[in-house]
Amino acid sequence: MTEITKEIVSEHGLSESEYEEVLKILGRVPNINELGIFSVMWSEHCSYKSSKKWLKTLPTEAPWVICGPGENAGVVDIGDGQAAIFKMESHNHPSYIEPYQGAATGVGGIMRDVFTMGARPIANMNALRFGRPDHPKTRHLVSGVVSGVGGYGNCMGIPTVGGETNFHASYDGNILVNAMTVGLADTDNIFYSAAAGIGNPVVYVGSKTGRDGIHGATMASAEFDDDSEEKRPTVQVGDPFTEKLLLEACLELMATDAIVAIQDMGAAGLTSSSFEMADKGGVGIQLDLDNVPMREEAMTPYEIMLSESQERMLMILKPGREGEAKTIFEKWELDFAVIGKVTDTGRMVLTMGGEIVADLPVAPLADSAPEYDRPWVKTECPDPIKASDVSAPADLKKTLLKIMGSSDIASRKWIWEQYDHMVMGDTIQRPGGDAAVVRIHGTDKALAITTDCTPRYCYAHPETGGAQAVAETWRNLTATGALPLAITDCMNFGNPERPEIMGQFVGCIEGMRDACIALDYPVVSGNVSLYNETNGTGIFPTPAIGGIGLLKQSDHMATLAFKNSGEVILVVGEASGDMGQSIYLKEIEGREEGAPPSVDLAIERKNGDFVRDAIHAGELTACHDISDGGLLVAISEMALAGNCGADLDLVSDLPLHAACFSEDQARYIVTATSETAEKLLEKAKLANVPLQLIGTTGHNELNFGTELSISIEDIREVYSNWLPDLMTVPGN
Amino acid sequence: MKAAVIVFPGSNCDRDMKVAIEQSMGHSPAMVWHADTDLPETDLIAIPGGFSYGDYLRCGAIAGNSPIMREVVKKAKVGTPILAVCNGFQVATETGMLPGALLRNANQKFICKDVDLKVAANNERFVGAFETGQTVRFPVAHHDGNFFTDDETLARLEGEGLIAFKYSDEDGNVTDTTNINGSRNNIAGIYNEAGNILGLMPHPERLISDQLGGTDGKTFFDNLINSLS
């Protein structure tokens with residue numbers, strides 16, 4: 001067997017002190033199989049060694065939370081004996097190297113996390129970040145990632161109902177592909193991963209094991225350099241058809257009571273799944289690797305344990321239920337193999353060819369996983385940029401057109417038209433709104449789902465950015481009428497060994513924590529992706545937040561489109577007019593500077609509760625939150641969606657550009673009939689919520705006194721064409 | 001009135017089809033597994049959308065050779081009405097029940113959106129609720145919906161009134177711009193010569209209530225069920 005040298009240890013990403021710990025735990029030198037197992041189990045990706053200390057500080061509990069972080073996905077109660085199970089996960093490194101397969105297997109992986117727990121996935125979402133639009137690789141990466149996300153989700157028949165996409169130079173060398181799945185289960189039939197029952201069979205189901213993806217988790221725990229392209233062979237290959245069969249077979253078996261525990265084989269494959277199950281259950285596991293279904297010849301124990309072949313699951317069955325389970329998996333033409341048993345030794349013992357090829361204690365390996373308190377420095381908040389520090393637009397019409405056709409604001413329809421967003425027949429709010437809404441099949445209830453983060457705010461000031469990301473998801477859910485329930489987070493950052501990056505992480509967590517507490521909106525699942533750096537340059541800190549909310553009556557849903565002419569337009573919330581980090585500042589002045597808009601969580605909550613109540617009372621005909629781009633952008637989006645213009649009469653103490661384009665938080669644009677508007681104004685006064693009448697809907701233009709007169713079609717042209725134009729190959 | 005929905009491994013619009021038929025028929029259709037060799041007594045067979053067998057060889061190719069499809073083809077020959085949607089349409093062309101083939105979309109991309117369709121020829125049983133020349137709105141969701149056939153067959157389809165729907169604008173203008181996927185003559189759906197099979201790429205089962213964004217699909221299924229009851 002391979003001799004363990006210093007070089008081999010270092011190739012496995014273990015530091016000297018970590019290797020010392022390995023020697024201490026084993027009391028001997030590990031063999032290569034054991035070293036490989038330590039390497040992946042203690043990788044950043046699997047052990048959360050840099051982030052654990054801080055993740056623990058996030059609020060994870062609420063009366064409606066059934067299961068918080070630590071399992072495959074988070075579980076929240078949505079009434080009537082039903083639960084929503086959801087999580088968001090990154091697949092950044094593989095997607096940069098091989099965009100189609102990287103994105104596809106990211107989507108496949110997150111769906112498996114959700115159906116492992118007994119839920120039928122009902123919606124997919126994603127949060128994508130690409131480099132600057134004119135970077136030579138951007139088009140290739142956008143095209144591959146979007147086809148990959150669609151290719152997997154479409155084939156599975158789970159609607160991809162929305163998401164968000166940013167372009168920024170900070171992602172030139174490290175794109176972000178974050179995929180989220182929401183599933184539906186009965187609260188009395190949720191499956192967990194803790195192995196139990198000494199002697200119970202350990203069963204492998206799904207695809208065969210190949211050599212793909214070996215060391216994927218280790219790759220995801222290191223920076224990129226110029227040779228990263230050579231890592232292509234570590235990217236897994238997805239097979240959505242097999243996953244569809246695996247989904248149906250698992251749900252069929254879950255309808256019986258044969259399963260004790262189940263865990264999907266994701267990052268670090270068989271190693272991670274078996275260790276997690278054994279560790280959670282406080283038991284040992286013995287595996288005979290000869291029985292693992294393999295699709296390649298002469299695979300070594302090392303390769304079998306570290307393969308990240310997709311579409312596989314590990315289960316502990318009740319004794320004597322193997323036959324029943326096997327029949328179901330054979331019906332779906334999937335592999336089914338008993339590969340081991342649960343033991344009382346507390347050790348993971350692997351045999352192959354009649355020999356013991358690894359023998360490791362489970363608990364010490366899991367418990368002694370390194371945990372670092374990495375040094376960090378706080379990012380100081382830059383000074384705000386006042387409206388008076390920014391020049392007024394020479395021509396409001398040209399300014400609006402420039403912003404509506406900019407990379408941050410322009411329509412993402414080119415992307416979501418490649419996703420089947422209607423399959424399953426319950427999508428009642430399609431992509432393009434504040435949040436997507438899917439009905440709970442056969443009921444009056446619906447779930448609203450959104451993903452949000454404004455990385456430029458997080459970069460400028462992590463605390464504010466972290467809080468803003470959580471608050472924006474909360475606002476987007478509220479704008480549909482949903483009551484926000486909980487979030488999943490996907491923490492994408494650079495190299496945590498650099499104190500300023502670690503400081504971004506800590507800052508974002510602190511902001512998120514404040515927002516989660518203030519909004520009663522806990523974190524129930526999540527994922528951390530660090531080392532998103534190339535040649536020493538990190539990405540913008542990007543804590544992507546996925547939020548879900550409940551609409552008890554789906555017909556109480558609001559959408560952003562202007563519905564009728566002659567209705568009153570109102571703005572909820574107040575503007576300071578600060579312009580720091582705004583799209584206006586970036587697009588019109590070419591400056592990415594200043595403090596991000598401040599986040600006042602008490603106001604956020606008060607304004608949001610007011611809006612949601614008004615939606616439930618049937619008082620609003622349309623609702624849209626104000627975010628990127630500011631008020632005039634929000635109004636333009638409502639006009640485009642409804643194909644209906646507006647006459648604006650915005651009285652404000654602020655300069656015109658601040659009134660139109662400041663990105664002050666906790667604000668919404670709503671419409672109502674003029675009679676209802678009177679009532680709303682009174683209610684708002686009583687509730688101490690700022691509500692101001694700012695115009696009337698009608699005809700097919702946006703008019704604003706003498707400042708602006710522009711047809712909806714002119715806005716639509718720039719708004720709709722930006723992304724298709726970017727993606728059109730010159731000469732075709 | 002009885003209906004049956006064929007389910008292949010990889011079908012994923014089977015539930016949507018069931019819901020649409022149930023809504024119009026008042027009771028559930030039978031769900032028939034691909035490995036079955038017997039079809040229940042039925043007045044309508046629906047072949048739903050999805051990715052049968054992963055569509056790995058060629059869309060619909062493996063499903064076209066599955067045990068249950070031999071039975072479906074037999075029923076088709078004796079006049080049982082068949083509705084073949086999206087992947088179902090691809091399967092129907094693979095079995096030869098319908099002419100032509102569905103190639104990769106001209107833009108090489110998956111397309112999911114509502115489209116306007118001009119009702120090109122009337123067939124009371126399938127589209128009796130609509131007038132020839134009017135437009136209806138159904139969603140599409142496919143990667144391979146680019147209908148192709150040879151000139152002779154195309155002329156026959158046009159000449160004999162066997163084209164059910166053409167991709168159009170909302171006023172019924174059939175142009176290159178409205179041809180979303182490169183189909184010959186903008187064809188979105190066709191009948192067989194006997195008129196008992198309708199194959200179409202768009203999904204009428206997806207727009208069956210105002211909450212979902214439209215009711216043309218409900219009108220379609222109400223008429224279909226009525227005419228077969």
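The values are calculated or read from the model by the stated rules, or taken from the named source; none is laboratory data. These figures come from a predicted structure and were not determined experimentally. Heads up, the Cβs are rebuilt from the backbone with ideal geometry, glycines too, and the neighbour counts pull from every protein chain shown. With ligands, DNA and RNA removed, areas are computed over all heavy atoms of the protein, side chains included. Shrake-Rupley method; radii C 1.70, N 1.55, O 1.52, S 1.80 Å.
Of note:
- Stretchable slack from B:Asn226 to B:Thr175, in nm (0.36 nm times residue separation minus alpha-carbon distance): 15.0 nm
- Relative contact order [Cα under 8 Å, 6+ residues apart], region B:3-228, whole percent: 20 percent
- Given charges at Cβ of Lys, Arg, Asp, Glu: the protein assembly as shown dipole, positive-most of A:Ala62, A:Pro496, A:Tyr48: A:Ala62
- Euclidean distance between Cα centres, region B:26-55 to region B:122-181, Å: 25 Å
- 10 Å Cβ neighbours from other chains, averaged over peptide B:209-215: 4
- Estimated FRET transfer efficiency (A:Glu371, A:Gln553; beta-carbon r; R0 60 Å; 0.05): 0.85
- Net charge over other residues, Cβ less than 15 angstrom from the Cβ of A:Glu567 (K, R count +1; D, E count -1): -3
- Region A:505-646 - Kirkwood radius from inverse mean 1/r over Cα pairs (Å): 18.2 Å
- Of the Cα atoms belonging to chain B, the radius of gyration and Dmax stand at 15.8, 45 Å.
- Here the scattering of region A:662-732 is modelled by Debye summation over its C-alpha atoms, one equal scatterer each and no solvent; at q = 0.14, 0.26 Å⁻¹ the log10 of I(q)/I(0) is -0.71, -1.17.
- In this view, the solvent-accessible surface of A:Glu223, computed with a 1.4 Å probe and all protein chains in place, comes to about 60 Å².
- 10 Å Cβ neighbours from other chains, averaged over peptide A:239-246: 4
- At a threshold of 20 Å², the residues of region B:78-118 that become less accessible to a 1.4 Å probe in the full protein assembly than in their chain on its own are B:Lys109, B:Phe110, B:Cys112, B:Lys113, B:Asp114.
- Hull shadow area, averaged, region A:1-55 [alpha-carbon convex hull, nm²]: 3.9 nm²
- Shape summary of region A:596-732, radius of gyration then Dmax from alpha carbon positions: 16.7, 61 Å.
- Distance in nm between pseudo-label sites at A:Glu3 and A:Leu686 (7 Å out along the Cβ direction from Cα): 8.5 nm
- Extension reserve of the B:Ala30-B:Val78 stretch, reckoned as 0.36 nm per residue once the Cα distance is removed: 15.3 nm
- Distance in nm between pseudo-label sites at B:Asn107 and B:Gln134 (7 Å out along the Cβ direction from Cα): 2.9 nm
- Peptide A:422-435 shows a mean partner chain C-beta count of 5 within 10 Å per residue C-beta.
- Calculated mean residue ellipticity at 222 nm for chain B: -7500 deg cm²/dmol, from DSSP H runs with n ≥ 4 weighted as -39500 (n - 2.57), summed, divided by the residue count and rounded to 500.
- Reachable lysines from A:Lys386, criterion Cα separation under 16 angstrom, eight or more residues apart if same chain: A:Lys586
- Per residue, the average separation of C-alpha pairs within less than 8 Å and at least 6 apart gives region A:510-622 a relative contact order of 31 percent.
- About the centre of its Cα atoms, region A:47-102 shows a dipole size close to 420 debye [charges on the beta carbon of Lys, Arg (+1) and Asp, Glu (-1) only; nearest 20 debye].
- Contact surface A-B: accessible area buried, both sides summed, square angstrom, 1.4 angstrom probe: 2300 Å²
- Two-site FRET efficiency, A:Lys24 against A:Ala196, from Cβ-Cβ distance with R₀ of 22 Å, rounded to 0.05: 0.15
- The accessible surface of the protein assembly as shown, taken with every protein chain in place and a 1.4 Å probe, is 48 percent carbon and sulfur.
- Residues of region B:7-41 that bury at least 40 Å² of accessible area when the other protein chains are present, relative to the chain alone (probe 1.4 Å, heavy atoms, ligands and nucleic acids excluded): B:Asn12, B:Arg15, B:Asp16, B:Trp33.
- Using every pair of distinct Cα positions in region A:478-564, the Kirkwood expression returns a hydrodynamic radius of 15.0 angstrom.
- In summary, the lysines within cross-link reach of A:Lys685, defined as a Cα separation below 25 angstrom excluding same-chain residues under 8 places away, comprise A:Lys606.
- Test item: Cα-centred dipole of the protein assembly as shown, Lys/Arg +1 and Asp/Glu -1 on Cβ, debye: 1200 debye
- Considering only beta bridges that DSSP places wholly inside the protein assembly as shown, some 75 percent are antiparallel.
- Residue-wise HN-Hα couplings along region A:181-189, as the Karplus relation 6.51 cos²θ - 1.76 cosθ + 1.60 with θ = phi - 60° gives them from phi, are 10, 10, x, 10, 9, 8, 5, 8, 9 Hz; Gly and Pro carry x.
- Equivalent ellipsoid, the protein assembly as shown (semi-axes from 5 times Cα gyration tensor eigenvalues, Å): 43, 40, 24
- Relative contact order (%) - criterion: Cα under 8 Å, at least six apart; region: chain A: 15 percent
- Beyond 14 Å, the tail of the calculated P(r) for region A:439-497 holds 62 percent of the Cα pairs.
- Checking the cross-link pairs A:Lys445/B:Lys18; A:Lys402/B:Lys109; A:Lys445/B:Lys218 against a 24 Å limit on the alpha carbon distance flags A:Lys402/B:Lys109 as lying beyond it.
- The residues of chain A expose, per residue, 33 Å² of accessible area to a 1.4 Å probe.
- Cα convex hull of region B:29-92, projected area averaged across orientations, nm²: 3.9 nm²
- Cross-link partners for A:Lys341 among the lysines, with Cα-Cα distance under 16 Å and sequence neighbours closer than 8 places in the same chain left out: A:Lys280, A:Lys318.
- Applying 1/(1 + (r/R0)^6) with R0 = 41 Å to the Cβ-Cβ distance of B:Asp43 and A:His441 gives a FRET efficiency near 0.95.
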